[in-house]
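For reference, the structure discussed in these notes is given below.
Bear in mind these aren't lab numbers, they're just calculated from the coordinates by the rules spelled out. Predicted, not measured: the structure shown is a model, and the values here were computed from it. So basically every Cβ, Gly included, is an ideal-geometry build from the backbone, and we count neighbours across all protein chains shown.
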Amino acid sequence: MSDYDGAMRALHINGYGEPPAFVEDAPEPQPQAGDALVQVTAAPLNPVDVAVASGGHFLGPPPLPYVPGMEGVGRVLRGERLAEGQLVRFETRIQQGSFAELTVVAEETAWPFETTLDDAVAACFGIAGLAAWMALVWRGRLSSDDAVLILGASGVVGALAVQIARLHGARRVVAAGRASAGLDRAGELGADAVVALDRADDPEQALRDALEGGADLVLDPLWGEPAVHALAAANRYGRLVQIGQSAGASATLASAVVRGKCLELLGYNNFAAPEQAKREAFATMLRHAEQGELAIEPQRFPLADGPAAWARLAAGESGAKLVLLP
């Protein structure tokens, strides 16, 4: 049973486009048939949380007010099938999120797991880790023959993607993005070369030089001009996996570039990926992390500091993974 006496602490979105407010006496969520009540121990902040809170995401606007937070890690307090105390990774319903001490989770969608990692680190291999792993390995068909270009490599997904490409034995891994400490870190994590696109006089040539020819596989969380440059630097039969639009919602591509090289433009989002493949990828990433082969160090915030962490994410001020600890 819960010890919260009908109330808990949580973040609330009270208006679309507004930052969350910290609430100390939010009502405790009530599980329905097939649900588990989960005590949240780590809840990553993701760009999708801000997008949903805007009211304009393709998932639709949640009814107001609501608790944000699309994912988390926690312990089962009570459930029908899951054992009390079981550690689970979960995704939430859009109206009852993870930025709270308690949440309810559909038991069939919760992923029980065990790990030696602390909960905040394990949680980072959810939405962010899956976006990197599944986009490269499942959608992009990553192989050891590939020269891999990671755009946005100074960000969380990009830094993980550099390591994932290296783990799979890619013949060359190039990290590209804006000049920053995060881009330098990508080199430390295994990139053979880094390219600061904002400092390159000729970005396309800089990418070709770093790739020692061209890219067979591009991971693109940016779109806009960086994607155009990456496709120009791609090899014949190259693949670009598109996962985000941090650099712009549109890109102008010359037809000749795409058909002349027989390029593949592949879209990816976690919601559309096969459930079993994602579970297996999550478990595999945890094993690599336990063995020191996959590194991520989140910035941890108490729940009461959630509004400040949200502001940092919304402003793009942090290249680190931000995690709330309710």
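Our coupling estimate for segment 196-207, obtained by passing each phi through the Karplus curve with A = 6.51, B = -1.76, C = 1.60 and θ = phi - 60°, is 8, 4, 6, 10, 8, 5, 10, x, 5, 5, 4, 5 Hz, Gly and Pro reported as x. In a DSSP loop and with at most 14 other Cβ atoms within 10 Å, the GluC sites (Glu not before Pro) in segment 68-175 are E80, E84, E114. Prolate is the label for the chain, because the ratio a/c of its alpha-carbon gyration tensor axes (a ≥ b ≥ c) is 1.5 or higher and a/b is greater than b/c.
Percent antiparallel among DSSP beta bridges with both residues in the chain, to the nearest 5?
Of those bridges, close to 50 percent are antiparallel.
Under a 5 Å amide H cut-off, with hydrogens placed 1.01 Å from N, L294 pairs with A289 among residues at least 5 apart or on other chains. Once Rg and the Kirkwood radius are both taken over the C-alpha atoms of segment 1-129, their ratio Rg/Rh works out to 0.95.
Two numbers describe the Cα atoms of segment 185-288: Rg and Dmax, which are 15.3, 44 Å.
The value of relative contact order for segment 178-241, using C-alpha pairs under 8 Å at least six residues apart, is 28 percent. Is segment 127-271 best put as rounded, prolate or oblate by its Cα gyration tensor, with a ≥ b ≥ c the root eigenvalues, rounded for a/c under 1.5, and otherwise prolate when a/b is larger than b/c, oblate when not? It comes out rounded by the Cα gyration axes. Distance between the 7 Å Cα→Cβ label points at D25 and T252: 5.8 nm. Coupling constants for segment 90-101 follow from the phi torsions by the Karplus curve (6.51 cos²θ - 1.76 cosθ + 1.60, θ = phi - 60°), and in residue order they are 9, 10, 9, 6, 5, 8, 9, x, 9, 7, 7, 5 Hz; glycine and proline get x. The ranking of H57, H229 by Cβ neighbour count inside 10 Å, starting from the fewest, reads H57, H229. Each Cα pair under 8 Å and six or more residues apart adds its separation to the average, and for the chain the resulting relative contact order is 17 percent. Length gained on full extension, S143 to E275: 45.3 nm, using 0.36 nm per residue less the C-alpha separation.
Can you give me the Cα centroid spacing of segment 269-326 and segment 1-53 in angstrom? The distance from the Cα centre of segment 269-326 to that of segment 1-53 comes to 17 Å. Taking every C-alpha pair closer than 8 Å and separated by at least 6 residues, the mean separation divided by the residue count of segment 127-271 gives a relative contact order of 22 percent.
A Förster distance of 35 Å, applied to the separation of the beta-carbon atoms of A283 and L59, puts the FRET efficiency at 0.85.
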